[in-house]
Amino acid sequence: MTAMTRREWLLSDRPASRRQARAGQAYRTWLTFRTNWLAMVGLGIVLALILVAIFANVIAPYDPVLGGDLRTARFLPPMTGDHLLGTDDLSRDIFSRIVHGSRLTLMVVVLVAVIATPIGLLVGTTAGYFGGWTDTILMRITDIFLAFPRLILALAFVAALGPGIENAIIAIAITSWPPYARLARAETLTIRDSDYINAARLQGASSARILWGHVTPLCLSSVIIRVTLDMAGIILTAAGLGFLGLGAQPPQPEWGAMIASGRRFLIDQWWVATMPGIAIFIVSLGFNLLGDGLRDVLDPKARK
């Protein structure tokens with residue numbers, strides 16, 4: 001199949017199979033997405049984060065935990081010798097620590113999304129589909145979580161569970177699902193009495209099958225957009241917990257913990273805290289730009 005015939009196959013107005021229809025829809029979505037250059041910048045940043053995390057051992061020139069000679073390699077400024085971003089108070093290469101810290105950041109983002117998204121979808125679609133007391137109880141529980149700022153609530157859970165990156169991930173996931181539940185409920189309320197849902201009921205489909213086979217897929221695009229936009233908040237929450245000593249523990253190269261250790265030297269050795277701060281800013285910006293681009297192409301209300 002040549003490139004031209006493949007494009008015609010994807011853009012066909014009369015797909016011959018479900019596979020062709022899905023591939024064509026995905027291709028049209030990509031064509032629309034790539035016209036947004038800011039979204040492409042965000043996608044590039046996120047892909048760069050993934051590649052850096054995968055090949056951290058190859059990219060980082062030094063060990064992220066072990067430092068050099070404290071007499072000669074302590075507090076070296078950026079662009080000094082082989083230290084691109086300088087060294088910290090223990091003579092550790094900051095660039096290597098940021099590179100390896102991308103693994104922790106990516107792990108937190110992925111695990112929180114994997115844990116929180118299904119919980120939010122389950123709670124939201126169940127509440128919206130059944131209504132009544134089920135809706136009232138589930139939404140009041142959701143409102144309790146939403147009544148507290150995410151970082152404050154995460155601090156409370158981490159204080160109860162104990163410091164550590166694993167407990168920080170659990171705490172952030174517990175505090176991240178309520179917005180997804182509210183969004184899924186709103187989407188479910190608009191489609192639960194649609195003709196195709198009623199047709200599924202008449203055919204004898206169970207409530208569970210309707211929820212997971214018909215309602216949840218229709219809510220998924222909106223929730224994916226919200227999750228992508230929330231990635232920056234998740235990164236900042238994880239960095240905040242690390243900054244307070246409740247997230248990743250030393251000597252792990254977590255960006256928030258690096259800022260916390262470098263704030264003591266901010267006046268004279270500014271690069272120790274500034275470099276991980278710039279990394280957090282760039283990655284958070286990338287996820288925000290990507291989320292905005294996905295909203296433009298996946299939000300059914302924005303389609304013409």
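Worth pointing out:
- Which listed residue, of Gly277, Gly256, is in contact (Cβ under 8 Å) with a residue 24 or more places away in the chain and either over 30 Å from Pro217 (Cα atoms) or assigned to a helix (DSSP H, G or I) (or both): Gly256
- Applying the criterion of being closer than 22 Å to Leu76 by Cβ, under 23 Å from the mean Cα position of the chain (by Cα) and among the aliphatic types (A, V, I, L, M) to the residues of segment 261-303, the residue that is surrounded by the most Cβ atoms within 10 Å (Cβ to Cβ) is Ala279.
- Inspection of segment 268-291 identifies at least one residue that is within 28 Å of Val41 (Cβ to Cβ), among the hydrophobic types (A, V, I, L, M, F, W, C) and in contact with a Pro (Cβ under 7 Å, 6 or more places away or on another chain).
- Restricting segment 10-41 to residues that are more than 24 Å from the chain's Cα centre (by Cα), touching a residue at least 12 places away in the same chain (Cβ under 8 Å) and assigned to a helix (DSSP H, G or I), the residue that is surrounded by the fewest Cβ atoms within 10 Å (Cβ to Cβ) is Arg28.
- Residues in segment 42-83 that are out of contact with any helix residue (DSSP H, G or I) (no Cβ under 9 Å at 6 or more places or on another chain), surrounded by 13 or more Cβ atoms within 10 Å (Cβ to Cβ) and part of a helix (DSSP H, G or I): 0 in all.
- Top-ranked residue in segment 203-245 [being crowded, with 23+ Cβ neighbours inside 10 Å and more than 19 Å from Val297 (Cα to Cα); ranked as farthest from the chain's Cα centre (by Cα)]: Val215
- Residue tally, condition in a helix (DSSP H, G or I) and under 11 Å from Thr175 (Cβ atoms), over segment 120-155: 8
- Every condition in (1) under 17 Å from Val99 (Cα atoms); (2) buried (at least 23 other Cβ atoms within 10 Å of the Cβ); (3) at pLDDT below 90 holds for Gln252 except the one numbered (2).
For every residue, the table says whether it meets (1) part of a loop (DSSP other than H, G, I, E, B); (2) closer than 30 Å to Tyr129 by Cα.
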| position | (1), (2) |
| --- | --- |
| Ala208 | no, yes |
| Gly213 | no, yes |
| Val223 | no, yes |
| Ala232 | no, no |
| Ala238 | no, no |
| Leu241 | no, no |
| Gly245 | yes, no |
| Pro250 | yes, no |
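- Qualifying residue in segment 162-184 (condition: assigned to a helix (DSSP H, G or I) and more than 20 Å from the chain's Cα centre (by Cα)): no
- The set of residues in segment 109-162 being within 30 Å of Leu49 (Cα to Cα) and of a type in the set (Gly, Ala, Ser) consists of Ala113, Ala116, Gly120, Ala154, Ala156, Ala159, Gly162.
The values are calculated or read from the model by the stated rules, or taken from the named source; none is laboratory data. These numbers come from a predicted model, not from an experiment. Don't worry about glycine lacking a Cβ; one is built from the backbone with ideal geometry, like all the others, and counts go over all protein chains shown.
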